[in-house]
Amino acid sequence: MKIVLMLVLGMAAFVATAAETVAPGVDLIRGAFVPGRQPDGNSVIFRGADGLVVMDTGRHAEHTQRIIDFAHNAGVPIKAVINSHWHLDHIGGNPRIRAAYPGVQTYASAAIEDAMHDFLASYHKQLEDALVESKDDAQKRAWRDELAIIDSGKALYPDVVIDKSQARRIAAREFQIHLQAHAVTAGDVWLFDPKTRVLAAGDLVTLPVPFLDTACPAHWRDALEVLAHQHFHVLIPGHGAPMSRAQFETYRHAYADLLDCAASDASRSACVDGWTRDTQSLLTDEERKPVKSMLDYYIDNSLRADPAKTQKLCAA
């Protein structure tokens, strides 16, 4: 992870909005992209008879506070957090949720353990070095916030490790929890709610582009095939607006075409143009603005990266 991530470089402002109801008992707090700082992922809130179940907690304090405010306004406690994966824009709010609701249980894969000693340890070092060199006070505060999240340590870890796909009753609501290995990260959790047929995909689906920093691209394509066989009505991505089945199919085919293009002799610009064309119906004009800079980066550093790097990320 670079200090200036391609996820943010050139990113237009995708401003956070009020919580929106996706289905009865299911609400979405969208993550925001703000130029010059790291993003927040989407947070999905399911209402169970015994309390709220939150899928992903964001990164920044204001995002997580919106989750806590939602619970306070609803008069219902947060009983559980399910983390789709260990990226900081999805787990960074865990310590704040734990502080507000000390009895909360967190569910996730065990992948954060290796990430803490590898990817996040490297990122921590980059942040420390950048702090020494920077003269920008606002940027330094943002980097200190990032360091504070990583330094939260065990507060980011799950209380309950998801080590296989399974049905679970959480806060008196039935869920189908699925584990996907070596796709976006070493362990990606996605959630299906049979009551509403809402599927919360985490970063297995992201817009405006696939976020490939820690991904095995081929296994990610396989994961999208698995999602395609689920009988969902609405799919909520890790970043971006909720999707219908038809919109998801557009995304799935665009992703496959992007991988095929990157594996061919086609120019980088041709692959970027193909993605832009294929996802035209999924993106607003504002969301489309950073696509070129982001995909230029990901094609060079992920899809056409050193095979040894890809092999490590795809290791079973």
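The values are calculated or read from the model by the stated rules, or taken from the named source; none is laboratory data. Bear in mind the structure is a predicted one, so any value in this text is a computation, not a measurement. Glycine gets a Cβ as well: all are built from the backbone with ideal geometry, and neighbour counts include every protein chain shown. What goes into the accessible areas is simple: the full protein's heavy atoms, side chains included, and nothing from ligands, DNA or RNA. Shrake-Rupley method; radii C 1.70, N 1.55, O 1.52, S 1.80 Å.
Could you work out, for region 130-268, what percent of all Cα-Cα pairs fall into each 5 Å distance bin, beginning at 0 Å and stopping at the bin that holds the largest distance?
With 5 Å bins starting at 0, P(r) equals 2, 8, 15, 17, 16, 13, 11, 9, 5, 2, 0.
Work out from phi, with θ = phi - 60° and the Karplus expression 6.51 cos²θ - 1.76 cosθ + 1.60, the ³J(HN,Hα) of each residue of region 237-249, listed in order in whole Hz, and give x for Gly and Pro.
x, x, 9, x, 7, x, 10, 7, 4, 4, 5, 4, 4
Give me the Debye-computed log₁₀ of I(q)/I(0) at q = 0.14, 0.16, 0.22 Å⁻¹ for region 56-198, equal point scatterers on Cα only, no solvent, two decimals.
After summing over all Cα pairs, the log10 values are -0.71, -0.89, -1.41.
May I ask for the net charge around H233, where only other residues with Cβ less than 15 Å from the Cβ of H233 are counted and Lys, Arg are +1 while Asp, Glu are -1?
So the environment of H233 carries a net charge of +1.
Subtracting the Cα-Cα distance from 0.36 nm times the residue separation, let me have the gained length for T284 to K195 in nm, one decimal.
The T284-K195 span can extend by a further 29.0 nm.
If I compute solvent accessible area with a 1.4 Å probe over the protein chains, what percent of it on region 140-213 is carbon and sulfur?
The computed percentage sits at 47.
For region 211-316, what is the accessible area per residue in Å² when the probe is 1.4 Å?
With all protein chains present, region 211-316 gives 46 Å² per residue.
Leaving out ligands, DNA and RNA, what percent of the accessible area of region 6-139 is carbon and sulfur, probe 1.4 Å?
55 percent
Looking at the calculated P(r) for region 224-316, what percent of the C-alpha pair distances fall above 17 Å?
Percent of Cα pairs beyond 17 Å in region 224-316: 56.
Taking the alpha carbon gyration tensor of region 203-256, what are the square roots of 5 times its eigenvalues, largest first, to the nearest whole Å?
17, 13, 9
Considering Cα pairs under 8 angstrom that are at least six residues apart, work out the relative contact order of the chain and quote it in whole percent.
16 percent
Using a probe of 1.4 angstrom, how much of the accessible area of region 236-305 is carbon and sulfur, in percent?
Percent of accessible area from carbon and sulfur atoms in region 236-305: 47.
About its Cα centre, how strong a charge dipole does region 221-287 have in debye, to the nearest 20, once Lys and Arg get +1 and Asp and Glu get -1 at the Cβ?
180 debye
Can you compute the equivalent ellipsoid semi-axes for the chain, i.e. the square root of 5 times each eigenvalue of the Cα gyration tensor, sorted largest first and rounded to whole Å?
Whole-Å semi-axes of the equivalent ellipsoid: 28, 24, 19.
Given an 8 Å cut-off on Cα distances and at least 6 residues of separation, report the relative contact order of region 117-207 as a percent.
Worked out over region 117-207, it gives 14 percent.
Tally Lys/Arg at +1 and Asp/Glu at -1 over every other residue whose Cβ is under 15 Å from the Cβ of P158; what's the total?
So the surrounding residues net to -1.
Which is the longest run of the chain containing none of the trypsin sites (Lys or Arg not before Pro) found in DSSP loop states (not H, G, I, E, B) with at most 10 other C-beta atoms within 10 Å?
Value returned for the longest uninterrupted segment is 165-316.
Return one whole number: the accessible area per residue of region 39-112 in Å², for a 1.4 Å probe.
Per-residue accessible area for region 39-112 comes out at 29 Å².
For the chain, compute the number of Lys pairs whose alpha carbons are separated by less than 28 Å, excluding pairs fewer than 8 positions apart on the same chain.
Qualifying lysine pairs in the chain: 27.
Quick check: net charge around P77, other residues with Cβ under 15 Å of its Cβ, Lys/Arg +1 and Asp/Glu -1?
Taking every other residue near P77 into account, the sum is +3.
Roughly how many debye, to the nearest 20, is the charge dipole of the chain about its Cα centre, given +1 on each Lys and Arg Cβ, -1 on each Asp and Glu Cβ, and no other charges?
600 debye
Taking amide H positions as placed in the peptide plane 1.01 Å from N, state which residues far from V22 in sequence (5 or more) or on other chains have amide H under 5 Å from it.
Long-range HN contacts for V22: D27, L28.
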